[in-house]
Amino acid sequence: MKALIVEDDLTSRMLLQELLRKFGNSHVAINGAEAVEAVKIALNNNEPYDLICLDIMMPQMNGQEALKKIRAMEEERGILSTRGSKIIMTTSLADLNNVTSAYSNFCDAYIVKPVHGETLYKELEKLNLV
Amino acid sequence: MSENESLNQFKGLAVWDDKGMMERMLGDSDLAKLIIEQFLIDAPTQIDALSELIEKGDLAMIKQRVHAVKGASANVGGEAFRKVACAVEELAQNQDLEQIKILYPLLLKNFKDLQERLNNYLKNQN
């Protein structure tokens, strides 16, 4: 599984990396702008990410904005969101606005931090990634 | 809210929810140790940066910084610290620097308590 972890906090990034390690090594980005760039390169190389774990509140570009841009890049290449990368929002923002906005912009799942290993693995199963 | 009211709402919270942390990490004590070690390296820098931002009164950056350190503390089960960090984040959102300054000593105390508990845990592991 090719995964991208987008997270500005080092501890949270490391936790996700370790939980996902058994499925392969993950790439990391520390803000939305880096994530968009990483996804663009992956799409241009025809090696898209299977999974993107995307935090919301990050400097430079937040996760909601990155989500929109990632789905737009996929669409430009004729990839429907249902066939694109599986995007799990991993955030401590649990308010209805953020949840609704993320699903409106075609995230696939929403996990509220702190991330529980079992919750993450269940979502990966539901998304047919493992 | 008076200073006492402001501080009283945070009484009785667990400094460290070790059980919750281990559950989230699926009982993997090596993973827990790794995450704790990383937290103990990274969080003090974040706290120092936060102190400077509070001194400067930069509310936008306070919000961002405290949000990050709140997430990090949640990973290690630092409940008492996380709750105060959460309140500071909300106060930054509401542009209330005065209340942030009231809560900040408690945030620091909770951080030091958490540091101590985590350091003791690591010592006992070695």
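For the reader, a short list of remarks on this structure follows.
- When A:Gln60 is tested against (1) within 13 Å of another protein chain (Cβ to nearest Cβ); (2) touching a helix residue (DSSP H, G or I) at 6+ places or on another chain (Cβ under 7 Å); (3) modelled with pLDDT of 95 or more; (4) surrounded by fewer than 16 Cβ atoms within 10 Å (Cβ to Cβ), exactly one condition is not met: (3).
- Number of residues in segment B:58-105 that are part of a helix (DSSP H, G or I) and out of contact with any helix residue (DSSP H, G or I) (no Cβ under 7 Å at 6 or more places or on another chain): the value is 7.
- Of all residues in segment A:14-56, those that are modelled with pLDDT under 95 and either within 14 Å of chain B (Cβ to nearest Cβ) or touching a Phe, Trp or Tyr at 6+ places or on another chain (Cβ under 7 Å) (or both) total 0.
- In this structure, B:Gly27 does satisfy being in a loop (DSSP other than H, G, I, E, B), over 16 Å from the mean Cα position of the chain (by Cα) and surrounded by fewer than 16 Cβ atoms within 10 Å (Cβ to Cβ).
- Any hit, segment B:77-91, residues being surrounded by 23 or more Cβ atoms within 10 Å (Cβ to Cβ), at positive phi and within 11 Å of chain A (Cβ to nearest Cβ): yes
- Hits in segment A:86-110 (condition: surrounded by fewer than 17 Cβ atoms within 10 Å (Cβ to Cβ) and within 14 Å of chain B (Cβ to nearest Cβ)): A:Ala94, A:Asp95, A:Asn97
- Pairs are defined by a Cβ separation below 7 Å, a sequence spacing of at least 6 or placement on different chains, a first member in segment B:97-110 that is under 14 Å from B:Ile62 (Cβ atoms) and of a type in the set (Phe, Trp, Tyr), and a second member that is open to solvent by less than 80 Å² (accessible area, probe 1.4 Å) and in a helix (DSSP H, G or I); the pairs so defined are B:Tyr104/B:Ile54.
- Any hit, segment B:106-115, residues being out of contact with any Lys or Arg (no Cβ under 9 Å at 6 or more places or on another chain), within 10 Å of chain A (Cβ to nearest Cβ) and either part of a helix (DSSP H, G or I) or open to solvent by 10 Å² or more (accessible area, probe 1.4 Å) (or both): no
- In segment B:1-24, the residues that are among the charged types (D, E, K, R) and surrounded by fewer than 15 Cβ atoms within 10 Å (Cβ to Cβ): B:Glu3, B:Glu5, B:Lys11, B:Lys19, B:Glu23
The values are calculated or read from the model by the stated rules, or taken from the named source; none is laboratory data. All of these numbers come straight from a predicted model, not from anything done at the bench. Here Cβ is always computed from backbone atoms with ideal geometry, including for glycine, and neighbour counts include all displayed protein chains. Just so you know, the surface numbers come from the protein's heavy atoms only, side chains and all, with ligands and any DNA or RNA stripped out. Shrake-Rupley method; radii C 1.70, N 1.55, O 1.52, S 1.80 Å.
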